[in-house]
Amino acid sequence: MKNVVLLGPPGAGKGTIAARVAQKAGLLHLSTGDLLRDEVARGTELGKRVQGIMARGELVPDELVLALVRERADGRRGVLLDGFPRTLAQAEGLAQFLPLDAVVYLAVGKDEVVRRLGSRRVCSSCGAVYNLLTQPPKESGRCDRCGGALVQRPDDAPEVVARRYEVYERDSRPLVDHYRRLGLLRTVDAARDPEAVAADVLKVLGS
């Protein structure tokens, strides 16, 4: 079983691709975004500390995210990390407890990122995710699963998306060069149908 990281800017489809790849490859899918949002929803001490940071589109401090990931992944094999690491410091911290076999970079341009995130909606009741362009609900504004109201996450608002992309370019893009130097990096074109992207990621993991 391989330990894998999916890298890419906000809106690259990391969550969608990671879920499909993890299911087919039998990997444990850990999304730091989902884990942190769960902490916020449950009102934990960590959730209270990171709520405002996330709403502003800023990165959660390295030590907090590392502690959360270590709790879930330490000593395991067959982990697929989605949304982590985002900084070189996080990458160095991760290497202390989880050796990686591959890092897949999902490449997608800025215009596509803005288009995708601006169209994303989330069910306020069950958390199901939709995209008004590629995966719209059957009834406008209503979740297909539970009928809950669909809302735009605060961090998907246009001004926050712009900030998130700036943060990514500043803090996370150097990870591409870091993992390339280590010989772990593979690049997949993510500006395509999710099935095609997932299939290519699985090919990379099987090579």
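Over the residues of the chain, the helix contribution to mean residue ellipticity at 222 nm works out to -13500 deg cm²/dmol, using -39500 (n - 2.57) for each DSSP H run of at least 4.
For the range 85-179, the Kirkwood radius over C-alpha pairs fed into Stokes-Einstein at 4 °C and 1.567 mPa s yields D = 84 µm² per second.
A straight Cα-to-Cα reach below 20 Å connects K110 with the aspartates and glutamates E58, D82, D155, D156, E159, E166, E169, D171, D177, D189, D193, residues fewer than 8 places away in its own chain not being considered. Centroid-to-centroid, using Cα positions, the range 133-169 and the range 81-113 are 23 Å apart. Residue pairs exceeding 29 angstrom between C-alpha atoms, taken from K14/K138; K2/K48; K138/K203; K48/K138: K2/K48; K138/K203; K48/K138.
The residues neighbouring V201, those whose beta-carbon lies less than 9 Å from its own, together hold a net charge of +2 under the Lys/Arg +1, Asp/Glu -1 convention. Ranking I17, L6, L68 by how far each Cα lies toward the positive end of the dipole of the range 1-79 (charges on Cβ) leaves I17 at the top.
What net charge do the residues around T32 carry, taking every other residue with its C-beta under 12 Å from that of T32, with Lys and Arg at +1 and Asp and Glu at -1?
With Lys, Arg at +1 and Asp, Glu at -1, the net is -1.
When the convex hull of its Cα atoms is viewed from all sides, the chain shows a mean projected area of 11.0 nm². Computed as a quarter of the hull surface, the mean projected area of the alpha carbon convex hull for the range 48-132 stands at 7.5 nm². Note on the chain: GNM, Cα springs under 10 Å; of L106, L150, L185, the largest mean-square fluctuation is that of L150. Loop-located trypsin sites (Lys or Arg not before Pro) in the range 130-207 (DSSP state not H, G, I, E or B) with no more than 15 neighbouring Cβ atoms inside 10 Å: K138, R145, R192.
Note that the range 19-60 carries a Kirkwood radius of 11.4 Å, evaluated over its alpha carbons pair by pair.
Where a number appears in this text, it was derived from the coordinates with a stated rule and is not lab data. As the structure is a prediction and not an experimental result, all values here were calculated from the model. FYI the Cβ positions are ideal-geometry reconstructions off the backbone, even for glycines, and counts take in every protein chain you see.
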